[in-house]
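Everything below concerns the one structure shown next.
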Amino acid sequence: MNMLKIGLGTHLGTFSDEDSRRYEEAVTFAIRNGITAVDTAINYRGMRSERDVGAAVGALLASGEICREDVFLATKAGLLFGDVVSGLNPVRCLQEVLEPRGIGQNDFCEYDGVYQTLNPDFFEIALQISLRNLGVDTVDLHYIHLPEITRAQLTQDMFYQRLAKLLVWYEEKVKEGKIRFYGMAFEMSAMEPAEEQWHISIEMVDRIAREISGGDSHFKYIQIPYNLQYPYAATVQNQSCMGEDCTLVEAAHRMGLQVIGSMPLCCGEGFEKYTLEEMLSFAQSGVDAVNVGSRNVEHIREILRLCQNQ
């Protein structure tokens with residue numbers, strides 16, 4: 001197990017001050033001990049996760065312990081978000097933050113109470129907020145969060161047309177120095193690979209990105225749930241690449257993309273059947289790197305111990 005293949009995820013937990021304190025401690029401990037990749041999203045814990053990451057990283061930068069280049073920060077946008085510190089739930093954020101800037105409910109597609117959009121204007125607002133939350137000028141990686149929700153509501157042609165407009169925005173943000181790389185953070189397409197409604201062609205996305213950029217695009221990553229309960233991204237051939245059927249992981253690798261695994265511990269449910277070492281070893285065997293969600297320093301210490309012993 002390579003320690004550099006482990007990142008820290010920040011999606012778990014409540015909106016509480018206590019969990020924010022624990023996250024700041026966890027992020028600080030992780031970075032000081034060799035976990036240099038931190039993954040978050042604007043909608044995690046009502047923006048608190050981004051702010052907790054920003055506070056921890058900011059303190060390390062201010063103390064001179066690290067340089068900005070020493071930590072790889074990834075965040076996401078696309079889902080309707082709230083701001084718990086300001087007392088704004090997602091509905092109020094839509095009304096008070098987004099609608100005054102021309103973004104309404106009709107810009108979103110909904111599934112099971114989750115609202116997703118590909119509107120570049122929304123991503124512009126979200127990126128500005130994320131940079132402020134994280135306290136940085138540039139994010140290393142910015143994901144389109146759960147694009148399958150929009151894909152399920154549109155025809156194939158309409159989806160890729162909307163996606164193309166968003167990828168134009170992404171390449172512009174790279175030129176502006178606001179984003180280094182971008183990617184797509186999937187969920188349903190990796191957990192329910194047989195469901196056609198969630199299907200997004202990695203080859204098509206890569207082709208569109210290359211056409212927009214005039215060659216080598218900055219579309220370089222995908223994130224997928226990958227664990228002992230959901231191994232399908234590496235076992236089910238639901239992609240086509242260069243005329244051949246292949247798995248989602250294989251398609252990404254053929255396109256030169258890095259595959260980041262999420263939920264390696266099955267959101268904690270895996271401990272009912274497996275050990276931490278078994279779950280981490282399995283997750284890392286199928287993807288390029290793994291984000292482990294934790295706000296527990298002792299949990300992170302155990303992960304590092306396993307890294308050092310393998």
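A few notes on this one:
- If you wrap the Cα atoms of region 154-269 in a convex hull and average its projected area over all directions, you get 7.7 nm².
- Beta-bridge orientation, the chain: approximately 20 percent antiparallel, per DSSP, counting only bridges with both partners inside.
- Computed about the Cα centre, the dipole magnitude for the chain is approximately 620 debye when only Lys and Arg (+1) and Asp and Glu (-1) carry charge, each at its Cβ.
- Taking 0.36 nm per residue of separation and subtracting the Cα-Cα distance, full extension of the segment from Cys67 to Tyr111 would add 11.8 nm.
- Of the GluC sites (Glu not before Pro) found in region 130-232, those that fall in a DSSP loop while having at most 14 other beta-carbon atoms within 10 Å are Glu195.
- Whole-Hz Karplus values for region 277-285 come out as 4, 4, 5, 5, 4, 5, 4, 6, 6 Hz, taken residue by residue from phi with 6.51 cos²θ - 1.76 cosθ + 1.60 and θ = phi - 60°; glycine and proline positions read x.
- Region 12-142 - share of DSSP beta bridges that are antiparallel (%, nearest 5): 50 percent
- Debye log10 I(q)/I(0) for the chain, one point scatterer per Cα, at q = 0.07, 0.13, 0.16 Å⁻¹: -0.25, -0.94, -1.46
- Size of electric dipole in region 30-187: Cβ of Lys, Arg +1 and of Asp, Glu -1, about Cα centre, debye, nearest 20: 180 debye
- Built amide H within the under 5 Å cut-off of Phe72, gap 5+: Ala37, Val38
- Net length gained if the chain between Ala59 and Cys267 were fully extended (0.36 nm per residue, minus Cα distance): 72.0 nm
- Whole-Hz ³J(HN,Hα) from phi, Karplus 6.51 cos²θ - 1.76 cosθ + 1.60, for region 66-82, glycine and proline x: 9, 9, 4, 5, 7, 10, 9, 9, 10, 9, 9, 8, x, 9, 4, 10, x
- When the Cα positions of Ile149, Val297, Ile200 are compared along the charge dipole of the chain, Val297 comes out farthest toward the positive end, with charges on each C-beta of Lys, Arg, Asp and Glu.
- Helical contribution to [θ] at 222 nm, DSSP H n ≥ 4, -39,500 (n - 2.57), averaged over the chain, rounded to 500: -12500 deg cm²/dmol
- Share, in percent, of DSSP beta bridges within region 179-300 that are antiparallel, nearest 5: 20 percent
- Taken one residue at a time, the phi angles of region 202-216 give Karplus couplings (6.51, -1.76, 1.60, θ = phi - 60°) of 4, 4, 5, 4, 5, 5, 4, 4, 5, 5, 5, 7, x, x, 8 Hz. Gly and Pro are set to x.
FYI, it's all coordinate maths here, none of it is from the lab. Values in this document were obtained by computation on a predicted structure and should not be read as measured data. Glycine gets a Cβ as well: all are built from the backbone with ideal geometry, and neighbour counts include every protein chain shown.
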